Amino acid sequence: KIREIHLAGSNLSDELALKLLTSFEHVVDLYASTESNRSFKNVKSLTVDGIVTTKGQPLDSIVQIIDPDGNTCGAGIEGVVRVKNNYLVKGYLNNPEAEKASFRNGWFYPGDRGKWGSDGQLVILGRTDDVINLGGVKINGTEVDAVLQSVDGIADAVCFKSPLPKEPDTLIAFVVIEKDVDPQTCIDRLRKTCLATLSTRQIPAKIIEVTGLPKAQKGGTKRWKCQNLYEQKETQEPV
């Protein structure tokens, strides 16, 4: 076998790691970003019984998971990931809003939620903006997305909180409808699915058809960018 292979840019499943471990002794799952370079690594290998195991190994960065009060979290406790090292970039060019959100007190906040595993592995659970606060009720946006995307005729979908002051605590959904599918029939079907599957708070108040969704480097949809697009289209009538 080849000694090891390094991967980054997307979450690595144990199923894929198992396939790779037929050719490599170790599969290194890197936690990395342009802003901080390679920050942490999870090393996957096989036991004598052929079971995939994962052990966390720090690199030259400090990686922490913190709670809402800024306290570091122990193993198994979910929180927000932040990174610090000696060569961290200082900010973003001509984007003060994003810089303020991502860089604070010498730390870089990649926008990920995570926890520490029992073997020191870094487990990424999702994005911080996947948790949507609607009037004090927190919903998981990825759960709503999954229901929207499961409907026949929906090619892609994402939900987000309205950024408009006149629509406080309003959940909006952007949907991409497949070609040759009647939009109104598809959205009627989507609304029925939402009513049957989701809680009242999870059901989008507005469903708007779009031609595409802004994607992040790892493949997920950028909710904050959808908010910006919706704000620009605030005069558009909902479907």
- Message: Tell me yes or no: at least one residue of the stretch 191-199 is of a type outside the set (Gly, Ala, Ser) and more than 26 Å from the chain's Cα centre (by Cα).
- Response: yes
- Message: Condition first: open to solvent by less than 90 Å² (accessible area, probe 1.4 Å), closer than 11 Å to Trp107 by Cα, of a type outside the set (A, V, I, L, M, F, W, C) and part of a loop (DSSP other than H, G, I, E, B). Now tell me which residues in the stretch 48-88 satisfy that.
- Response: Ser61, Asn85
- Message: Scan the stretch 108-115 and tell me whether some residue there is of a type in the set (A, V, I, L, M, F, W, C) and either under 30 Å from Arg189 (Cβ atoms) or open to solvent by 20 Å² or more (accessible area, probe 1.4 Å) (or both).
- Response: no
- Residue in the stretch 30-41 that is charged (D, E, K, R), under 30 Å from Asn228 (Cα atoms) and out of contact with any His (no Cβ under 9 Å at 6 or more places or on another chain) present: yes
- Task: Please identify the pairs in which a residue from the stretch 209-221 that is closer than 13 Å to Glu178 by Cα and open to solvent by 40 Å² or more (accessible area, probe 1.4 Å) has its Cβ atom under 8 Å from the Cβ atom of a residue that is modelled with pLDDT under 90 and not small (Gly, Ala, Ser), counting only partners at least 6 apart or on another chain.
- Result: Glu209/Val239
- Message: Take Leu30 and tell me if it is at pLDDT below 95, open to solvent by less than 60 Å² (accessible area, probe 1.4 Å) and under 18 Å from Val123 (Cβ atoms).
- Response: no
- Message: Among the residues in the stretch 162-171, are any closer than 23 Å to Ser10 by Cα and surrounded by fewer than 19 Cβ atoms within 10 Å (Cβ to Cβ)?
- Response: no
- Message: Consider the stretch 121-142. How many of its residues are more than 12 Å from Lys161 (Cα to Cα), small (Gly, Ala, Ser) and open to solvent by 30 Å² or more (accessible area, probe 1.4 Å)?
- Response: 1
- Given the conditions (1) part of a helix (DSSP H, G or I); (2) hydroxyl-bearing (Ser, Thr, Tyr); (3) closer than 30 Å to Ile77 by Cβ, report the number of the one that Ser118 does not fulfil. (1)
- Can you confirm whether the stretch 14-25 contains a residue that is assigned to a strand (DSSP E or B) and on the phi < 0 side of the Ramachandran plot? yes
- Residues within the stretch 138-166 that are at pLDDT 90 or above, more than 12 Å from the chain's Cα centre (by Cα) and in a strand (DSSP E or B), tallied: 8
- Single unsatisfied condition, Leu12 versus (1) open to solvent by 40 Å² or more (accessible area, probe 1.4 Å); (2) free of Cβ contacts under 8 Å to residues at least 40 places away in the same chain; (3) under 15 Å from Leu125 (Cα atoms): (1)
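The values are calculated or read from the model by the stated rules, or taken from the named source; none is laboratory data. All values derive from a computational prediction rather than experimental measurement. Cβ: placed from backbone, ideal geometry, glycine included. Neighbour counts: every protein chain shown. Protein only, heavy atoms only, side chains kept; ligands, DNA and RNA dropped before computing areas. Shrake-Rupley method; radii C 1.70, N 1.55, O 1.52, S 1.80 Å.
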